[in-house]
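*Asks:* Below you'll find the structure I mean.
The values are calculated or read from the model by the stated rules, or taken from the named source; none is laboratory data. Given the structure is predicted, the values throughout are model-derived calculations rather than measurements. Note: ideal-geometry Cβ built from the backbone for every residue, glycine included; neighbour counts use all protein chains shown.
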Amino acid sequence: MKKLPHTPNSQIKSALRMLSLRSRERSSVLRRDNYSCVKCGKKQSKAKGKEVKVEVHHKDGITNWAELYKAIREFLLCNPDSMETLCGKCHSEETIITITTVERDSSATR
């Protein structure tokens with residue numbers, strides 16, 4: 001099987017789901033709802049033979065996968081010609097320069 005020239009959408013979606021599963025926002029929802037289903041009231045349980053798993057649901061759904069893929073490809077998984085290999089020190093220096101430039105440019109347009 002030939003490898004795609006770019007990261008497949010399924011891999012991006014999987015990584016985003018893993019990020020979501022470990023997010024502070026998800027943890028906050030679980031704590032807020034006392035680890036209980038807001039519809040039926042079942043509480044999460046790990047007791048042997050009485051396991052109940054609760055999940056965090058996006059009320060509005062996630063309907064913008066195409067936009068997410070596009071943004072990730074444009075800004076994170078961009079064309080290799082737009083990337084270079086740097087040591088940690090040089091990468092930190094370049095990142096500071098980039099952030100400073102972006103902040104300066106955005107404050108000039110305000």
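*Asks:* What are the residues in segment 47-74 that are free of Cβ contacts under 8 Å to residues at least 40 places away in the same chain, in a helix (DSSP H, G or I) and of a type in the set (A, V, I, L, M), if any? Show your work before the answer.
*Replies:* Looking only at segment 47-74, we keep the residues that are free of Cβ contacts under 8 Å to residues at least 40 places away in the same chain, and these are 47-64, 66-67, 70-71, 74.
When the remaining residues are screened for being in a helix (DSSP H, G or I), the result is 66-67, 70-71, 74.
Once the filter is applied, which keeps residues that are free of Cβ contacts under 8 Å to residues at least 40 places away in the same chain, in a helix (DSSP H, G or I) and of a type in the set (A, V, I, L, M), segment 47-74 yields Ala66, Ala71.
*Asks:* Conditions: (1) modelled with pLDDT under 95; (2) small (Gly, Ala, Ser); (3) under 18 Å from Arg26 (Cα atoms); (4) surrounded by 10 or more Cβ atoms within 10 Å (Cβ to Cβ). Ser92 meets all but one. Number of the miss?
*Replies:* Among (1) modelled with pLDDT under 95; (2) small (Gly, Ala, Ser); (3) under 18 Å from Arg26 (Cα atoms); (4) surrounded by 10 or more Cβ atoms within 10 Å (Cβ to Cβ), Ser92 violates only (3).
*Asks:* Quick check on Ser20: is it farther than 30 Å from Asn79 by Cβ, in a helix (DSSP H, G or I) and either at pLDDT below 95 or under 18 Å from the mean Cα position of the chain (by Cα) (or both)?
*Replies:* For Ser20, the condition - farther than 30 Å from Asn79 by Cβ, in a helix (DSSP H, G or I) and either at pLDDT below 95 or under 18 Å from the mean Cα position of the chain (by Cα) (or both) - is not met.
*Asks:* Let me ask you something else. State which residue is nearest to Ser23 (Cα to Cα) when the search covers only segment 54-75 and only residues that are hydrophobic (A, V, I, L, M, F, W, C) and surrounded by 10 or more Cβ atoms within 10 Å (Cβ to Cβ).
*Replies:* My answer is Val56.
*Asks:* Residues in segment 26-34: is at least one out of contact with any strand residue (DSSP E or B) (no Cβ under 9 Å at 6 or more places or on another chain), farther than 30 Å from His6 by Cβ and of a type in the set (Ser, Thr, Tyr)?
*Replies:* Looking for residues that are out of contact with any strand residue (DSSP E or B) (no Cβ under 9 Å at 6 or more places or on another chain), farther than 30 Å from His6 by Cβ and of a type in the set (Ser, Thr, Tyr), one finds at least one in segment 26-34, hence yes.
*Asks:* Follow-up. Taking the conditions exactly as written (in contact with a Phe, Trp or Tyr (Cβ under 7 Å, 6 or more places away or on another chain), assigned to a helix (DSSP H, G or I), surrounded by 10 or more Cβ atoms within 10 Å (Cβ to Cβ) and at pLDDT below 95), does Ile12 satisfy them or not?
*Replies:* Working: in contact with a Phe, Trp or Tyr (Cβ under 7 Å, 6 or more places away or on another chain): yes; assigned to a helix (DSSP H, G or I): yes; surrounded by 10 or more Cβ atoms within 10 Å (Cβ to Cβ): yes; at pLDDT below 95: yes.
When the stated conditions are applied, Ile12 passes them.
*Asks:* So, one more: Quick one: how many residues across segment 16-53 are surrounded by 12 or more Cβ atoms within 10 Å (Cβ to Cβ) and closer than 28 Å to Glu67 by Cα?
*Replies:* Looking only at that region, the number is 7.
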